[in-house]
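What follows is a set of notes on a single structure, which appears directly below.
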Amino acid sequence: MRLERPLEKFVDALPILETLKPIRKTKKKTYYEVTMKEFRQKLHRDLRPTRLWGYESMFPGPTFEVRRDELVEVMWKNDLPASHFLPLDQTLHNVEGNPETRTVVHLHGGETPPHSDGHPDAWFTKDFKETGPEFTRKVYQYPNHQRASLLWYHDHAVGITRLNVYAGLAGLYLIRDEKEERLNLPKGDYEIPLVIQDRSFNEDGSLFYPDQPDPPIPNAPYPSVVPFFCGDTILVNGKVWPYLEVEPRKYRFRILNASNTRNFTLSLDSGQPFYQIGSDGGLFSKPVKVESIDMHPAERVDIIVDFSRYKGEEIILKNGSGCGGPVDPETDGNVMQFRVKRTLDTPDTSIIPKQLDDLPLPPKDAIQTVRNLKLIGSQDEFGRPLLLLDNQMWDDPVTEKPRVGDTEIWVFVNTTAFAHPMHVHLVQFQVLSHQAFDLDHYNETGNIVFTGPVMAPAPNNRGLKDTITVPPGSVTKIIAKFSPYTGTYVWHCHILEHEDYDMMRPFEVVQKKQIRKRKNEQNE
Ligand code: C2O
Ligand code: CU
Ligand code: CU
């Protein structure tokens, strides 16, 4: 039975996420083991402990903290029960006939070699007893040869990603470097990662996830995938609408939206601004002062909030974006509360620097390929919505094959009536522009007629990104350099209900012909 009354807000303290300890650390590499387990965790004062699946029995998982260029190896182990506790649609790809509990871990935002990227088909079961069609490694390697940034790791098993992540399989991954440390940003107790997620609950404390669309579709499979899902309750770091006691000083918050479908528009009810200093791919060149921040699934923001003039006050972190309707000011219009109740422990000497870091943007002078990629809405044989990329299913042959080292422009053409947060593995890209077109005209004629000017991305989307939202009836252009690895990766919508059915495609980074030729010559 669904929980009827909303849970009381701001009664639990915000949990501070734990940092994961390595098993071994040498000069050459750091080795971790992480086990996925079923466990129960108390998510709210008035809720019985909730059954979850989590890395190291934690929800969210423990946080990795690594240095740039530190070679990290992780053995991801599955010790989960053999059957899934969320409604499994057997008709999606690779679900029927395969074990129910399949897992594979992806480091989102990571420049990771293909064998360690967590390909959706590289899944494995308990103790690696069964594995997917792709080669499954027991130990994944992360070179961390990339800028300081907040990445995250989460499950990516084909056809059941939405369920595995909803069950709890997600955590943070922080890369540090010296450049960032020299900036004198708020740190230590004053730098706090926040994982924002939505969930719904049953009376007994268990997670609610729909087993079919609402209203049900006659003759559709049961259980059935749903076209989207938003929970009615907001959690931060695994607690429902928590509060945090803060000192009157500057704090740095590293925020991730780890929800399946829901996007947030964050603001502070004190009316004060955020100083955004970074996004998915690390620091901006300069801070951007913003009143509100949009966060679609998988996006990260790095912000500084200055509480120094709010001594004694209570400030609510609000959300202005509903899910298929307006927000409820009593429930999903809230994220968490800050209580500026603590006294200043030591003087605040941290700063909001005027200059942050040089942005390593992709080169614009040698664009080898421009790809037009349509986001398309269609229907399956049962009349359920089926969202596709360029009219292809996940299993269709690879069509996007950038050559390693090439710079390409990808043009996402959203012909659907919904926004889709598009994510590309391996790369951190730059958003070039957005432009609206006449969707009705497109639906009638199949032709794109632009209705507005070419718009630059919002100031806080001008840094490096790995996920960008493409508004309905619009074209979004991104530019990326595909390097340094060759191999198979994926690109997809990060609304997990879309990704599973079937808004995900492989892409392959291929060798440059010249390189192959030269190698052949050497071999002769
Ligand atoms: Cu965060 Cu392919 O995903
Ligand atoms: Cu990713
Ligand atoms: Cu989507």
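Under 8 Å between Cβ atoms, at least 6 apart or on separate chains: pull out the pairs that start in the range 14-33 with a residue that is without any contact (Cβ under 8 Å) to a residue 40 or more places away in the chain and end on any residue that is open to solvent by 40 Å² or more (accessible area, probe 1.4 Å).
23/33
I'd like the residue in the range 123-158 that is under 16 Å from residue 98 (Cβ atoms) and acidic (Asp, Glu) and, out of all such residues, is nearest to ligand 1 (Cβ to nearest atom). Explain how you work it out, then say what you get.
Of all residues in the range 123-158, those under 16 Å from residue 98 (Cβ atoms) come to 123-126, 128-134, 136, 155-158.
If we keep only those that are acidic (Asp, Glu) too, we end up with 130, 134, 155.
Values: 130: 22, 134: 14, 155: 10 Å.
Residue satisfying both the conditions and the ranking: 155.
Out of all the residues in the range 263-285, which are over 21 Å from residue 480 (Cα atoms) and more than 22 Å from the chain's Cα centre (by Cα)? Walk me through how you get there before you give the answer.
Quick first cut of the range 263-285, residues over 21 Å from residue 480 (Cα atoms) only: 263-277.
Once the filter is applied, which keeps residues that are over 21 Å from residue 480 (Cα atoms) and more than 22 Å from the chain's Cα centre (by Cα), the range 263-285 yields 268, 269, 270, 271, 272, 273.
Is it the case that some residue within the range 115-134 is among the aromatic types (Phe, Trp, Tyr), open to solvent by 40 Å² or more (accessible area, probe 1.4 Å) and either assigned to a loop (DSSP other than H, G, I, E, B) or away from ligand 2 (no atom under 16 Å from the Cβ) (or both)? If you could, list the steps in order and put the result at the bottom.
The first filter runs over the range 115-134 and keeps only residues among the aromatic types (Phe, Trp, Tyr), leaving 123-124, 128.
Pick out the ones that are also open to solvent by 40 Å² or more (accessible area, probe 1.4 Å) and you get none.
Within the range 115-134, not a single residue is among the aromatic types (Phe, Trp, Tyr), open to solvent by 40 Å² or more (accessible area, probe 1.4 Å) and either assigned to a loop (DSSP other than H, G, I, E, B) or away from ligand 2 (no atom under 16 Å from the Cβ) (or both).
Return yes when residue 333 is under 29 Å from residue 207 (Cα atoms) and in contact (Cβ under 8 Å) with a residue 12 or more places away in the chain and no when it is not.
Details: under 29 Å from residue 207 (Cα atoms): yes; in contact (Cβ under 8 Å) with a residue 12 or more places away in the chain: yes.
It is true that residue 333 is under 29 Å from residue 207 (Cα atoms) and in contact (Cβ under 8 Å) with a residue 12 or more places away in the chain.
List the number of the failed condition for residue 346; all other conditions in (1) in contact (Cβ under 8 Å) with a residue 12 or more places away in the chain; (2) surrounded by fewer than 20 Cβ atoms within 10 Å (Cβ to Cβ); (3) outside the structural domain of residue 242 (by TED's automatic domain parsing) hold.
Every condition holds for residue 346 apart from (1).
Residues are listed down the side, and each one gets a yes or a no for (1) within 16 Å of ligand 2 (Cβ to nearest atom); (2) open to solvent by less than 40 Å² (accessible area, probe 1.4 Å); (3) at pLDDT 95 or above:
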{"position": "431", "(1), (2), (3)": "no, yes, yes"}
{"position": "496", "(1), (2), (3)": "yes, yes, yes"}
{"position": "501", "(1), (2), (3)": "no, yes, yes"}
{"position": "504", "(1), (2), (3)": "yes, yes, yes"}
{"position": "515", "(1), (2), (3)": "no, no, no"}
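Criterion first (open to solvent by 40 Å² or more (accessible area, probe 1.4 Å), in the same structural domain as residue 469 (by TED's automatic domain parsing) and modelled with pLDDT of 95 or more) does residue 422 satisfy it?
no
Would you check if residue 122 is farther than 18 Å from residue 254 by Cβ and hydrophobic (A, V, I, L, M, F, W, C)? Quick ask: steps written out before the conclusion?
Working: farther than 18 Å from residue 254 by Cβ: yes; hydrophobic (A, V, I, L, M, F, W, C): yes.
For residue 122, the condition - farther than 18 Å from residue 254 by Cβ and hydrophobic (A, V, I, L, M, F, W, C) - is met.
Filter the range 274-294 for residues that are crowded, with 18+ Cβ neighbours inside 10 Å and part of a loop (DSSP other than H, G, I, E, B) and give the result.
280, 281
For residue 224, all conditions in the list (1) closer than 25 Å to residue 63 by Cα; (2) out of contact with any Ser or Thr (no Cβ under 7 Å at 6 or more places or on another chain) hold save one; what is the number of the exception?
So residue 224 meets the others, but not (1).
If you go through the range 476-507, how many residues are more than 13 Å from residue 419 (Cβ to Cβ) and either in contact with a Phe, Trp or Tyr (Cβ under 8 Å, 6 or more places away or on another chain) or assigned to a loop (DSSP other than H, G, I, E, B) (or both)?
Within the range 476-507, residues that are more than 13 Å from residue 419 (Cβ to Cβ) and either in contact with a Phe, Trp or Tyr (Cβ under 8 Å, 6 or more places away or on another chain) or assigned to a loop (DSSP other than H, G, I, E, B) (or both) number 22.
Which members of the range 63-78 meet the condition of being open to solvent by 50 Å² or more (accessible area, probe 1.4 Å) and closer than 18 Å to residue 130 by Cβ?
Initially, the range 63-78 is screened for residues open to solvent by 50 Å² or more (accessible area, probe 1.4 Å), giving 65, 67-69, 71, 77.
Of everything in the range 63-78, just one residue is open to solvent by 50 Å² or more (accessible area, probe 1.4 Å) and closer than 18 Å to residue 130 by Cβ, namely 77.
Go through (1) in a loop (DSSP other than H, G, I, E, B); (2) assigned by TED's automatic domain parsing to the domain that holds residue 250; (3) touching a helix residue (DSSP H, G or I) at 6+ places or on another chain (Cβ under 9 Å) one by one and return the number of the condition residue 328 breaks.
Only one criterion is unmet by residue 328, namely (3).
Given the options 262, 254, 249, name the one that is in contact (Cβ under 8 Å) with a residue 60 or more places away in the chain and closer than 22 Å to residue 107 by Cβ. Outline the logic, then answer.
Working: 262 fails: closer than 22 Å to residue 107 by Cβ; 249 fails: closer than 22 Å to residue 107 by Cβ.
Exactly one of 262, 254, 249 is in contact (Cβ under 8 Å) with a residue 60 or more places away in the chain and closer than 22 Å to residue 107 by Cβ, namely 254.
Any chance the range 159-180 includes a residue that's among the aromatic types (Phe, Trp, Tyr) and at pLDDT below 95?
First pass over the range 159-180, keeping only residues among the aromatic types (Phe, Trp, Tyr): 166, 173.
Now restrict to residues that are at pLDDT below 95: none.
Checking the range 159-180: not a single residue is among the aromatic types (Phe, Trp, Tyr) and at pLDDT below 95.
In the range 93-108, what residues are open to solvent by less than 10 Å² (accessible area, probe 1.4 Å) and within 16 Å of ligand 1 (Cβ to nearest atom)?
Correct list: 102, 103, 104, 105, 106, 107, 108.
The values are calculated or read from the model by the stated rules, or taken from the named source; none is laboratory data. Quantities reported herein were computed from a predicted structural model and do not represent experimental measurements. Heads up, the Cβs are rebuilt from the backbone with ideal geometry, glycines too, and the neighbour counts pull from every protein chain shown. To get the accessible areas, we keep the full protein, side chains included, count just its heavy atoms, and leave off ligands, DNA and RNA. Shrake-Rupley method; radii C 1.70, N 1.55, O 1.52, S 1.80 Å.
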